[in-house]
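The values are calculated or read from the model by the stated rules, or taken from the named source; none is laboratory data. Predicted model, so just to flag it, every value in this text is computed and none were measured. All Cβ positions, even for glycine, are placed from backbone atoms using ideal geometry, and neighbour counts span all protein chains on display. Each accessible area value is taken on the protein alone, full model and side chains, heavy atoms only, with ligands, DNA and RNA left out. Shrake-Rupley method; radii C 1.70, N 1.55, O 1.52, S 1.80 Å.
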Amino acid sequence: MTMAENGNEGRPAAAPQTQSIGVIAQYVKDLSFESPGAPDSVRTRTAAPSINIGVNVQSRGLPNTELEVELRIDASVKEGEQVVFAIELVYGGLFKLNNVSTENLPLFAMIECPRLLFPFARQIIADASRNGGFPPLLIDPIDFVQLYRQRLAQMNAAQPRGTADN
């Protein structure tokens with residue numbers, strides 16, 4: 001296509017601006033490890049414990065197209081009703097968003113940024129459980145797209161239905 005054909009006589013077509021994320025910083029905002037039954041809880045077990053893991057993502061915009069994202073992971077390991085150990089981690093990231101449109105901001109905040117944070121948070125959880133005297137707790141990869149869709153569905157279900165005007 002020539003310059004005249006695209007309607008911009010004398011000017012080349014503008015290149016589309018690429019959306020991108022820059023990582024400014026990553027940090028532990030809060031970390032808690034509890035082993036209420038120690039030292040008995042670190043002994044060899046006969047039955048497999050139950051593991052419960054909860055994940056939550058929060059974000060807030062900051063000036064200068066910066067975004068803070070917090071990945072919260074709560075993990076508890078129980079034998080019956082007794083807590084063997086529990087870990088709570090809030091792992092934060094400060095990101096610089098480049099050329100991200102307003103409509104795409106939630107996708108970056110709730111999917112792409114947590115995806116970048118997760119491997120580091122996973123390692124912190126594994127190290128904390130190992131340092132607490134247990135085998136490392138290795139969390140399976142998280143599908144942040146599915147997590148985002150579930151959150152949207154919950155928000156849509158919670159919105160009150162409008163009444164039809166007659």
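Tabulated results
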quantity	calculated
The range 48-128, dipole about Cα centre (Lys/Arg Cβ +1, Asp/Glu Cβ -1), debye to the nearest 20	160 debye
Extended-chain gain in nm, criterion 0.36 nm per residue less alpha-carbon gap, Gln154 and Ile139	3.0 nm
Segment Asn104-Asp40, extension gain: residue separation times 0.36 nm, minus the distance between their alpha carbons	18.0 nm
Full-extension gain in nm, Ala25 to Glu81, via 0.36 nm per residue minus C-alpha separation	16.3 nm
Sequence-distant residues sharing a close amide H with Leu62 (under 5 Å, placed H)	Leu67, Glu68
Dipole magnitude of the range 21-166, debye to nearest 20 (Cβ charges: Lys/Arg +1, Asp/Glu -1, about Cα centre)	160 debye
Accessible surface of the range 19-127, 1.4 Å probe, proportion on carbon and sulfur as whole %	51 percent
